[in-house]
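Take a look at the structure set out below.
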Protein chains: 2
Amino acid sequence: MKQSLGAKPLAFPTPVYLVGSYDTQGQPNMMNAAWGGICCSDPPCVMVSVQKKRHTYAGILENQAFTINLLGCDHVIAADFYGIASGRDLNKIDACGQHVSKGEFVDAPCLDEAYLVIECRLKTSTELGTHTMFVGEVMDVKIEADCLDEKGVPDVKKMDPLLFIPGAREYYGVGEFIGKAFAVGNSPKEGK
Amino acid sequence: MKQSLGAKPLAFPTPVYLVGSYDTQGQPNMMNAAWGGICCSDPPCVMVSVQKKRHTYAGILENQAFTINLLGCDHVIAADFYGIASGRDLNKIDACGQHVSKGEFVDAPCLDEAYLVIECRLKTSTELGTHTMFVGEVMDVKIEADCLDEKGVPDVKKMDPLLFIPGAREYYGVGEFIGKAFAVGNSPKEGK
């Protein structure tokens with residue numbers, strides 16, 4: 001039996017995107033964002049939503065670029081800190097002892113401690129209300145070499161992605177293998 | 001040491017959205033989509049990207065509405081089937097023994113077997129390339145009552161959300177609790 005929770009931003013799970021940008025003074029910044037996702041295969045695009053009041057907002061528009069940096073579960077303290085503190089008040093990257101290097105393709109910082117970094121050129125921005133949705137065209141994806149399996153495919157157990165559960169406002173890791181996509185559903189009458 | 005994978009649609013994890021719509025003949029349909037995410041808090045909005053060639057595409061535009069239905073890991077076979085078969089060829093919902101009811105607020109079907117259903121009114125659509133990004137304004141969220149904890153908050157262990165890992169094209173469940181958001185990162189110098 002279902003019950004209504006009203007009109008709320010709830011869906012499960014969400015990613016934990018650390019959005020990298022240079023601010024209007026050229027200082028590197030990282031912001032934790034759970035409102036985001038992949039939004040096109042070709043050209044590859046990724047979306048992240050940012051509030052106007054965030055320090056990151058002006059930096060993305062100024063440089064027409066951002067990065068998405070993914071941290072493993074062992075970096076949860078830094079990931080959460082990037083969602084608590086503001087780049088207006090301090091260099092958050094220094095404050096948690098992490099490091100950045102300039103993007104190869106765009107004017108945005110890449111987080112050295114991330115297992116994966118996506119360099120994005122700003123493609124569209126849409127005002128939706130509290131949040132502005134930025135769509136970035138992916139210029140390059142870089143991954144830690146030891147996160148690849150023997151076939152060169154990103155290995156979820158090695159990446160150990162962090163995910164976020166809205167409502168409860170909790171971080172979790174990825175759990176057990178459930179099935180191969182485009183395979184396990186071939187015979188739906190056998191299953192449910 | 002990082003290595004480039006090129007410009008690809010890779011980020012981890014992605015959700016498993018079952019997108020519900022009525023087609024132009026009024027038949028209910030569900031489509032599996034991993035390219036999506038929450039994109040605004042107020043008004044609450046959720047984004048999902050659909051290829052023009054999908055049967056779902058015309059249905060969303062015709063009805064200016066869609067639902068996002070979330071299935072638990074025990075329904076992985078149906079979830080995957082919704083990404084393999086096409087509503088042009090058969091009623092996928094019947095084919096896997098599931099059921100729908102009409103949305104309360106929008107002209108789109110809600111999947112009875114889903115632990116959570118989001119009713120969305122189409123707000124914007126943006127052509128990005130292979131995919132069109134549909135942003136829906138959330139009209140209502142309904143959840144199975146037994147997926148709530150004693151405080152009325154969605155309980156991740158009871159929902160048992162399915163998630164998707166692009167690249168490897170595998171489904172996983174949500175794993176262990178890592179930390180409370182807006183809390184675990186309060187003292188970054190103690191951690192990493």
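Going through B:Ile84, B:Ile38, B:Ile68 one at a time, which residue ends up being touching a Phe, Trp or Tyr at 6+ places or on another chain (Cβ under 8 Å), open to solvent by 30 Å² or more (accessible area, probe 1.4 Å) and facing chain A (nearest Cβ under 7 Å)?
Values: B:Ile38 fails: open to solvent by 30 Å² or more (accessible area, probe 1.4 Å); B:Ile68 fails: open to solvent by 30 Å² or more (accessible area, probe 1.4 Å).
Only one candidate qualifies: B:Ile84.
Across region B:41-65, what is the number of residues that are of a type in the set (S, T, N, Q), open to solvent by 10 Å² or more (accessible area, probe 1.4 Å) and at the interface with chain A (Cβ under 10 Å from one of its Cβ atoms)?
First pass over region B:41-65, keeping only residues of a type in the set (S, T, N, Q): B:41, B:49, B:51, B:56, B:63-64.
Adding the requirement that they be open to solvent by 10 Å² or more (accessible area, probe 1.4 Å) leaves B:41, B:51, B:63-64.
The next check asks that each one be at the interface with chain A (Cβ under 10 Å from one of its Cβ atoms); those that pass are B:41, B:51.
Adding up the residues that qualify gives 2.
Of a type in the set (Phe, Trp, Tyr), modelled with pLDDT of 95 or more and closer than 30 Å to B:Ile77 by Cα: which single residue out of A:Phe105, A:Phe81, A:Phe164, A:Phe134 fits that description? Break it down into steps so the answer makes sense when it comes.
Working: A:Phe105 fails: closer than 30 Å to B:Ile77 by Cα; A:Phe81 fails: closer than 30 Å to B:Ile77 by Cα; A:Phe134 fails: closer than 30 Å to B:Ile77 by Cα.
Testing whether each residue is of a type in the set (Phe, Trp, Tyr), modelled with pLDDT of 95 or more and closer than 30 Å to B:Ile77 by Cα leaves just A:Phe164.
Before we move on, is A:Cys96 within 12 Å of chain B (Cβ to nearest Cβ), closer than 26 Å to B:Ala183 by Cα, surrounded by 24 or more Cβ atoms within 10 Å (Cβ to Cβ) and touching a Gly at 6+ places or on another chain (Cβ under 9 Å)? Reasoning before the result, please.
Numbers: within 12 Å of chain B (Cβ to nearest Cβ): yes; closer than 26 Å to B:Ala183 by Cα: yes; surrounded by 24 or more Cβ atoms within 10 Å (Cβ to Cβ): yes; touching a Gly at 6+ places or on another chain (Cβ under 9 Å): yes.
Criteria met by A:Cys96.
Select from region B:118-134 the residues that are more than 7 Å from chain A (Cβ to nearest Cβ) and open to solvent by less than 40 Å² (accessible area, probe 1.4 Å) and list them in ascending order. Full working, then the answer.
Filtering region B:118-134 down to residues more than 7 Å from chain A (Cβ to nearest Cβ) leaves B:119-123, B:125, B:127, B:132, B:134.
Passing the criteria: B:Glu119, B:Cys120, B:Leu122, B:Thr132, B:Phe134.
The values are calculated or read from the model by the stated rules, or taken from the named source; none is laboratory data. Remember, it's a predicted structure, so these values are computed and weren't measured experimentally. In this analysis, Cβ positions are derived from the backbone assuming ideal geometry, glycine residues included, and neighbour counts consider all displayed protein chains. Side chains included, ligands, DNA and RNA excluded: accessible areas come from the protein's heavy atoms. Shrake-Rupley method; radii C 1.70, N 1.55, O 1.52, S 1.80 Å.
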